[in-house]
1. Restricting the first residue to the stretch 254-270 and requiring it to be in contact (Cβ under 8 Å) with a residue 40 or more places away in the chain and farther than 14 Å from Ala28 by Cα, which pairs with a second residue that is assigned to a helix (DSSP H, G or I) and of a type in the set (Asp, Glu) meet a Cβ separation below 6 Å and a spacing of at least six or different chains?
2. What are the residues in the stretch 284-319 that are in a strand (DSSP E or B) and farther than 13 Å from Ser197 by Cβ, if any?
3. Just to verify a result, which residue in the stretch 171-211, among those that are hydroxyl-bearing (Ser, Thr, Tyr) and under 18 Å from the mean Cα position of the chain (by Cα), is farthest from Asp122 (Cα to Cα)?
4. Output the residues belonging to the stretch 130-145 that are buried (at least 24 other Cβ atoms within 10 Å of the Cβ) and either acidic (Asp, Glu) or over 22 Å from Thr194 (Cβ atoms) (or both).
5. Show the residue pairs that are 6+ apart or on different chains and have beta-carbon atoms under 8 Å apart, the first residue being within the stretch 2-20 and farther than 10 Å from Gln256 by Cα and acidic (Asp, Glu), the second being surrounded by 19 or more Cβ atoms within 10 Å (Cβ to Cβ) and at pLDDT 95 or above.
6. For the stretch 246-286, enumerate the residues that are at pLDDT below 95 and either more than 20 Å from Ala34 (Cβ to Cβ) or of a type in the set (Ser, Thr, Tyr) (or both).
7. Of the numbered conditions (1) assigned to a loop (DSSP other than H, G, I, E, B); (2) within 24 Å of Gly33 (Cβ to Cβ); (3) touching a residue at least 60 places away in the same chain (Cβ under 8 Å), Gly170 satisfies every one except a single condition; which is it?
8. Looking at the structure I just gave you, is Leu124 over 24 Å from Leu45 (Cβ atoms), among the hydrophobic types (A, V, I, L, M, F, W, C), crowded, with 20+ Cβ neighbours inside 10 Å and modelled with pLDDT of 95 or more?
Amino acid sequence: MTRITAGLSPFTDAAEIAEDHDLTGRTAIVTGGATGIGVETAKALAAAGAEVTLAVRSREAGEKAAAQINADIGAERAKVGMIDLSSLASVAAFVSAWGDAPLNMLINNAGVMACPQTYTVDDLEMQIGTNHFGHFLLGVGLARALMNGAEEGRTARLVSLSSIGHRRSGINWDDVHYRTRPYDKWESYGQSKTANSLFAVGFHRRFADLGITANAVMPGGIMTPLQRHLPREEMIAMGWMNEEGVVREGFKTPAQGASTSVWAAIGDELEGVGGLYLENLSQALPWGEEPNAGVMAHALDPEGAERLWALSEDTTGVKL
């Protein structure tokens, strides 16, 4: 199969991806849309005409971001919806409030990275609980809305943000929530990012024939509030920045980091295509074929996707 690519530099801004698209009358939800690449994703879509809901935990931060987007684009197209992805009840309330209104794009962007060992209100390990199970319930809950957003010749799309961190761990089926094994914050993050990719695989298999495609996205290295749990000294030790705080070459700006998400949501090259892992505005190659890039087999494994889907139904209580 020919590799799918936008044919653009990985450092292209999200606004450039969207500028030739007319999204008038189309709707989008961006989780974590108040900061980082989420707000840049929302702004690019809104600037192209979409009505965008920033699905956020903090109303104050969401309202501030929406107001700035609307001021920047000169139109009132961004609004706020409240959701806490670490609470299944909160996710269910968001889904209920949206109802079956047509939805064209769902960008599962929010996440937590390398946090101390904590658990959600539903007693799920925080990283996979927030990054995967919350987004699983959201995606499945909004499936009818996405089906209603599909049109003749144009699918609705779900975008699931993964990470190069998926290389750190597959799913530990024996102890997903670290009940008995020692907690490792990076292994936990990797497990959750593998889950994000497998969710796209499982969702696409179930809904492609109903007009919805789903792909996973690796946005790149970007300095955003996602690093809130990382001490400066750790980021220096990992080589992400030098002693003066200068971010290393190769990191993207938030606007550049949002570009693959926007491409996954609207790119013509991806119409009708799903179950892929995308990075740098291209379909990822297998891990190892390029330096420090690509997708590992466990993140696209169909059997793993089915096993995770069954676990997710059991965990959330939502079955198709």
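The values are calculated or read from the model by the stated rules, or taken from the named source; none is laboratory data. On a predicted model such as this, the values are computed, not experimentally measured, just so you know. Cβ: placed from backbone, ideal geometry, glycine included. Neighbour counts: every protein chain shown.
1. Pro254/Glu40; Ala255/Glu40; Ala258/Glu40
2. Keep residues of the stretch 284-319 that are in a strand (DSSP E or B), which gives 286, 295.
Passing the criteria: only Pro286.
3. Narrowing the stretch 171-211 to residues hydroxyl-bearing (Ser, Thr, Tyr): 178, 180, 183, 188-189, 192, 194, 197.
Still in the list and also under 18 Å from the mean Cα position of the chain (by Cα): 188-189, 192, 194, 197.
Values: Ser188: 17, Tyr189: 18, Ser192: 16, Thr194: 21, Ser197: 23 Å.
Across the stretch 171-211, the extreme among qualifying residues is Ser197.
4. If the condition is that a residue be buried (at least 24 other Cβ atoms within 10 Å of the Cβ) and either acidic (Asp, Glu) or over 22 Å from Thr194 (Cβ atoms) (or both), then Leu142 is the only one that fits.
5. Listed pairs, sorted by first residue: Glu19/Ala47; Glu19/Ala48.
6. Answer for the stretch 246-286, where residues must be at pLDDT below 95 and either more than 20 Å from Ala34 (Cβ to Cβ) or of a type in the set (Ser, Thr, Tyr) (or both): Val246, Val247, Arg248, Glu249, Gly250, Phe251, Thr253.
7. Evaluating Gly170 over (1) assigned to a loop (DSSP other than H, G, I, E, B); (2) within 24 Å of Gly33 (Cβ to Cβ); (3) touching a residue at least 60 places away in the same chain (Cβ under 8 Å) leaves (2) as the failure.
8. Values: over 24 Å from Leu45 (Cβ atoms): yes; among the hydrophobic types (A, V, I, L, M, F, W, C): yes; crowded, with 20+ Cβ neighbours inside 10 Å: yes; modelled with pLDDT of 95 or more: yes.
Yes, satisfied.
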